[in-house]
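A.B. asks: Here it is: the structure, laid out below.
The values are calculated or read from the model by the stated rules, or taken from the named source; none is laboratory data. This one's a predicted model, so the numbers in the text were calculated from it and none came from an experiment. Every residue, glycine as well, gets a Cβ built from its backbone with ideal geometry; the counts of neighbours run over all protein chains shown.
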């Protein structure tokens, strides 16, 4: 394969848009195009829960300002999930380390000291204590929340996340267009082009399949 200067991503959902945003941010000289096409059969979730890696990636690696993301995507802050099953009344699976932490004055990891009582998980770490108190962040002395990196995640409506990623990608120079693929043209090296429903043929140096379970290219 020769030099890659033009990339075509098939699929304009969150995966395709995030791939485009990554490519254009890290390799701005590339021409990146996203082809949005109808996906009738795929299950479209109403919301998506992220891990702490998502805020890290989008804010610190891709340079998306937190305030811009909060205003447009309107996510819910997430510090963990409380599971209410098993021998205990509940178990907190949090976005930060809890039972595997080890404090300086203790001889073993925190989990060693957790008892078997029904509420013994109530405050074994800051995140679990906040969940029990119905809070998200510890407050500073002036009342502002202490938002520490690697300690929070998001829950986001899929449609809002998709709209935000499309706008962010467009601002970085990604071309987003609509069209239905009716034929994948083949060449000696694999995909040679895409024929759309209107007869137009799209070509690129590299094709990325982000079409969900339809997997039009793969």
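Matching residues to (1) part of a strand (DSSP E or B); (2) crowded, with 19+ Cβ neighbours inside 10 Å; (3) touching a residue at least 60 places away in the same chain (Cβ under 8 Å):
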{"site": "166", "(1), (2), (3)": "no, yes, yes"}
{"site": "192", "(1), (2), (3)": "yes, no, no"}
{"site": "198", "(1), (2), (3)": "no, no, no"}
{"site": "213", "(1), (2), (3)": "no, no, yes"}
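A.B. asks: Something else about it: Going through region 1-34 one residue at a time, which ones are over 18 Å from the mean Cα position of the chain (by Cα) and over 28 Å from residue 46 (Cα atoms)?
C.D. replies: Answer for region 1-34, where residues must be over 18 Å from the mean Cα position of the chain (by Cα) and over 28 Å from residue 46 (Cα atoms): 1, 2, 3, 4, 5, 6, 7, 27, 28, 29, 30, 31.
A.B. asks: Now, a different point. So for region 149-158 (the condition being surrounded by 12 or more Cβ atoms within 10 Å (Cβ to Cβ), touching a helix residue (DSSP H, G or I) at 6+ places or on another chain (Cβ under 6 Å) and not in a helix (DSSP H, G or I)), does at least one residue qualify? Before you say what the answer is, go through the steps one by one.
C.D. replies: So the first thing to find is which residues in region 149-158 are surrounded by 12 or more Cβ atoms within 10 Å (Cβ to Cβ), and the list is 150-158.
Imposing the further condition that a residue be touching a helix residue (DSSP H, G or I) at 6+ places or on another chain (Cβ under 6 Å) reduces the set to 156.
Among the residues that remain, those that are also not in a helix (DSSP H, G or I) are: 156.
There is at least one residue in region 149-158 that is surrounded by 12 or more Cβ atoms within 10 Å (Cβ to Cβ), touching a helix residue (DSSP H, G or I) at 6+ places or on another chain (Cβ under 6 Å) and not in a helix (DSSP H, G or I).
A.B. asks: Select from region 136-148 the residues that are in a loop (DSSP other than H, G, I, E, B) and surrounded by 12 or more Cβ atoms within 10 Å (Cβ to Cβ) and list them in ascending order. Outline the logic, then answer.
C.D. replies: Restricting attention to region 136-148, the residues satisfying the condition of being in a loop (DSSP other than H, G, I, E, B) are 136-138, 140-144, 146-148.
Of everything in region 136-148, those that are in a loop (DSSP other than H, G, I, E, B) and surrounded by 12 or more Cβ atoms within 10 Å (Cβ to Cβ) turn out to be 136, 137, 138, 147.
A.B. asks: Here is a further query. For region 169-190, which residues satisfy the criterion of being without any contact (Cβ under 8 Å) to a residue 40 or more places away in the chain and under 20 Å from residue 27 (Cβ atoms)?
C.D. replies: Here is the first cut: in region 169-190, the residues without any contact (Cβ under 8 Å) to a residue 40 or more places away in the chain are 170-171, 182-188, 190.
Passing the criteria: 170, 171.
A.B. asks: Just to be sure, is residue 156 more than 28 Å from residue 61 (Cα to Cα), modelled with pLDDT of 85 or more and touching a strand residue (DSSP E or B) at 6+ places or on another chain (Cβ under 7 Å)?
C.D. replies: On the way: more than 28 Å from residue 61 (Cα to Cα): no; modelled with pLDDT of 85 or more: yes; touching a strand residue (DSSP E or B) at 6+ places or on another chain (Cβ under 7 Å): yes.
Taking the combined requirement at face value, the residue does not satisfy it.
A.B. asks: Identify the single condition in (1) surrounded by 15 or more Cβ atoms within 10 Å (Cβ to Cβ); (2) out of contact with any strand residue (DSSP E or B) (no Cβ under 9 Å at 6 or more places or on another chain); (3) in a loop (DSSP other than H, G, I, E, B) that residue 117 does not satisfy, given that it satisfies every other one.
C.D. replies: (1)
A.B. asks: Do we have residue 185 as at pLDDT below 95, loosely packed, with under 14 Cβ neighbours inside 10 Å and not in a loop (DSSP other than H, G, I, E, B) here? Spell out how you get there, then give the answer.
C.D. replies: Numbers: at pLDDT below 95: yes; loosely packed, with under 14 Cβ neighbours inside 10 Å: yes; not in a loop (DSSP other than H, G, I, E, B): yes.
Against the criterion (at pLDDT below 95, loosely packed, with under 14 Cβ neighbours inside 10 Å and not in a loop (DSSP other than H, G, I, E, B)), residue 185 qualifies.
A.B. asks: Please tell me if residue 127 is touching a helix residue (DSSP H, G or I) at 6+ places or on another chain (Cβ under 6 Å), part of a helix (DSSP H, G or I) and crowded, with 16+ Cβ neighbours inside 10 Å. Please lay out each step first, then the result.
C.D. replies: Details: touching a helix residue (DSSP H, G or I) at 6+ places or on another chain (Cβ under 6 Å): no; part of a helix (DSSP H, G or I): yes; crowded, with 16+ Cβ neighbours inside 10 Å: yes.
Taking the combined requirement at face value, the residue does not satisfy it.
A.B. asks: Consider region 164-205. How many of its residues are touching a strand residue (DSSP E or B) at 6+ places or on another chain (Cβ under 8 Å) and under 17 Å from residue 18 (Cβ atoms)?
C.D. replies: Going through region 164-205 one residue at a time, the tally reaches 7.
A.B. asks: For the subset of region 101-114 comprising residues that are in contact (Cβ under 8 Å) with a residue 12 or more places away in the chain and outside any loop (DSSP other than H, G, I, E, B), which member is surrounded by the most Cβ atoms within 10 Å (Cβ to Cβ)? Even if it seems obvious, please write down each step before you answer.
C.D. replies: Narrowing region 101-114 to residues in contact (Cβ under 8 Å) with a residue 12 or more places away in the chain: 101, 110-111, 114.
Right, trim to outside any loop (DSSP other than H, G, I, E, B) and you get 110-111.
On the way: 110: 16, 111: 12.
Per the stated criteria, the residue is 110.
A.B. asks: Quick one: residue 90 ticks every box in (1) under 23 Å from residue 156 (Cα atoms); (2) in contact with a strand residue (DSSP E or B) (Cβ under 7 Å, 6 or more places away or on another chain) bar one, so which box is it?
C.D. replies: Going through the list (1) under 23 Å from residue 156 (Cα atoms); (2) in contact with a strand residue (DSSP E or B) (Cβ under 7 Å, 6 or more places away or on another chain), residue 90 breaks only (1).
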